[in-house]
Amino acid sequence: MSGMSGMSGMSGTSGTSGTSGGAWHVAADDLRAYARGELAPPLLWSADTHLVTCARCRAVLAETGDPVALDEGWERLDAELDAPRPGFMESALTRFGVPDHTARLLAATPVLRLSWLVAVVAVLLTTVAATLSVRGSGTPTLFLALAPLLPVAGVALSYGPVLDPTFEMAVVSPMHGFRLLMVRTLAVLGAVLGLNGLASLALPGYGLLAAAWLLPALALTALALALTPRLGPVLAPALVAGAWVGLLLAAVRQASGETPAPFTAPGQGVAAAVAVLATLLLHGVRDRFDVGRFPGRRGA
Amino acid sequence: MIPTVSASGLRLAHGGVRALDDVSLRLGEGVTGLLGPNGAGKTTLLRVLATALPPDRGALTVLGHDPSGPAGRQEVRRALGYLPQTPGFHPDFTSFAFVDHVAILKEMTDRAARHREVRRVLDAVDLRDVRGTRIRRLSGGMRQRVALAAALVGDPGFLVLDEPTVGLDPEQRMRFRELIATAGEGRTVLLSTHQTEDVAVLCNRVVVMAAGRVRFEGTPAELTARAAGRVWSSAERDPGARACWRTGTGAFRNVGDPPGGAELVEPTLEDGYLLTLDAPAVVETTS
């Protein structure tokens, strides 16, 4: 339930609630929709929350609906009282129009815990500080090298038998494994790319070059996922990350003080091409995510 | 028995070891026990039947659907409840939130209907008082019941339970048995267990596996009957016995081919199981 804060979403400006003596009440139209079972979240949650404590609205509701629909309403309300209170992210996603069940799946993404996000922020802060301390360089190489690895690590930690505690239950569920993977990948990308973007803003002196991590990040993430059915959920991202580090070391040595090739315009083009090709490959192997058998994992 | 689940010639190898070696079986309505020693292939078989692992070879039909293709697999999963050997949880989730999450994975997108179902299954496993409690605060037995509730979401026609009573104390085990017995009414349940007592109390059919093969398939009474005339009591350990152990009275219970003049005793399911494994074993313990 969205809690009493949800009542602000029902304010008079939206025409969905009214006031009496300074207290908010659910609008008559919403009560009628509630009784018919047609009131949608988040207004539904706000109504649920409010009805628990407001005798007046309960009385209006009792006069509004037909007895069968009303019984269903009370049953639903009873169920809502046990329902978990959505966290900040889940509530925010729902307010942006994401269906509540998808928001719940996103919120259950294993790495989207505060501890992991704090670790990502700490790594980015350290990297940005180190980059700013070396002002002589024309390229924030350390930051650009590290930033694409964070989403790869996040996605790797979000799916698979090793790190997802509910993997075995999820893999035998009717929800397509690829869909779950995509939901979690988007959650991780949304969080990590956002943090990377904020870190880029802390490096204004480098202009657009500070955002040259984005295409490599998408390419590495897509490539790691596409290789997972063949190499496994641990080896695939580890190899991709290792290849990226090796490529960068070679590029830095060759650049001799100039911008390393992966962050130049041609390098970005290659990254974009790899991202597209890896995405196509990933789509081609999507059914392989539907079974719980990856290389490197015994069946029992 | 009208088979609801049938497997024929299932084979699966892991790293050169045949975890399943030409396994064929048929399951019907009610609770079927799956017995076998460690490494017998029980968990692998359960994972194959639950569509978590595809077999290398063999045919499988679950409730009329063939899970070898994506469409059939989807249909099987819609009719499946699965409790893995070590169910994983998001420890910060409450019981309600966890089962709700599983219900979403089972394609229940309507929030009100889903929450009604979550309440129903939590009530069914007698966890209504801890619906709002975080899983990390629950005892092992309660966590197992949360996992069973998750398996029961959507009223599945085929329930696969992998050693659900392991690690439970005797009282919790008894309560869990009651839940499984109730769950077995009107659906097919496959219960993997080390405890012959579970099978004796709960199951109308039993399958014994060893070394990736099915060694026995029948009723518990038929398994027990295998040991008729092959269990005897003696004051000293009988070296000719396939298995022997010291009972609470101090006498030895021997299983195998009895010597002439042996004091035969009534066989149990455990005796039949030990003889079916056909592996020489000497166990000294009290029972």
| message | Please verify whether A:Thr126 is touching a helix residue (DSSP H, G or I) at 6+ places or on another chain (Cβ under 8 Å) and part of a helix (DSSP H, G or I), treating the condition exactly as stated. | response | no
| query | Somewhere in the range B:26-35, is a residue open to solvent by less than 10 Å² (accessible area, probe 1.4 Å), within 10 Å of another protein chain (Cβ to nearest Cβ), more than 20 Å from B:Pro156 (Cβ to Cβ) and touching a residue at least 40 places away in the same chain (Cβ under 8 Å)? | reply | no
| query | Within the range A:171-192, which residues are in contact (Cβ under 8 Å) with a residue 24 or more places away in the chain and open to solvent by 40 Å² or more (accessible area, probe 1.4 Å)? | reply | A:His176, A:Leu186
| query | What tally of residues in the range A:199-208 results from selecting those that are buried (at least 18 other Cβ atoms within 10 Å of the Cβ) and at pLDDT 90 or above? | reply | 2
| remark: In the set B:Asp129, B:Asp110, B:Asp92, the lone residue that is more than 10 Å from chain A (Cβ to nearest Cβ), open to solvent by 10 Å² or more (accessible area, probe 1.4 Å) and of a type outside the set (Val, Ile, Thr) is B:Asp129
| Every residue from the range B:49-62 that is in contact (Cβ under 8 Å) with a residue 40 or more places away in the chain and either open to solvent by less than 60 Å² (accessible area, probe 1.4 Å) or assigned to a strand (DSSP E or B) (or both) | B:Leu49, B:Ala50, B:Leu53, B:Pro55, B:Arg57, B:Gly58, B:Ala59, B:Leu60, B:Thr61, B:Val62
| remark: Subset of the range B:42-68, residues facing another protein chain (nearest Cβ under 7 Å) and not aliphatic (A, V, I, L, M), comes to B:Thr43, B:Thr44, B:Arg47, B:Thr51, B:Pro54
| request: Looking for whichever is at pLDDT 90 or above and either away from chain A (no Cβ under 12 Å) or in contact with a Pro (Cβ under 9 Å, 6 or more places away or on another chain) (or both) here; the options are B:Arg120, B:Arg145. Which one fits? | output: B:Arg145
| request: Scan the range B:212-229 and report the pairs whose first residue is of a type outside the set (Ser, Thr, Tyr) and whose second residue is assigned to a helix (DSSP H, G or I) and open to solvent by 70 Å² or more (accessible area, probe 1.4 Å), with Cβ atoms within less than 9 Å and a gap of 6+ or a chain change. | output: B:Phe216/B:Glu222; B:Ala227/B:Glu270
| field | Exclusive hit being over 15 Å from A:Gly154 (Cβ atoms), touching a residue at least 40 places away in the same chain (Cβ under 8 Å) and not in a helix (DSSP H, G or I), set A:Glu258, A:Glu168 | value | A:Glu258
| query | Just a yes or no: is a residue in the range B:69-88 assigned to a helix (DSSP H, G or I), within 7 Å of chain A (Cβ to nearest Cβ), touching a Lys or Arg at 6+ places or on another chain (Cβ under 9 Å) and open to solvent by 60 Å² or more (accessible area, probe 1.4 Å)? | reply | yes
| query | So which of B:Val166, B:Val160, B:Val153 is among the hydrophobic types (A, V, I, L, M, F, W, C) and either surrounded by fewer than 19 Cβ atoms within 10 Å (Cβ to Cβ) or more than 22 Å from B:Glu29 (Cα to Cα) (or both)? | reply | B:Val166
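The values are calculated or read from the model by the stated rules, or taken from the named source; none is laboratory data. These numbers were taken from a predicted model, which means no experiment stands behind them. We place every Cβ from the backbone using ideal geometry, glycine too, and count neighbours over all the protein chains shown. When the accessible area is computed, the model is the full protein with side chains, heavy atoms only, and any ligands, DNA or RNA have been set aside. Shrake-Rupley method; radii C 1.70, N 1.55, O 1.52, S 1.80 Å.
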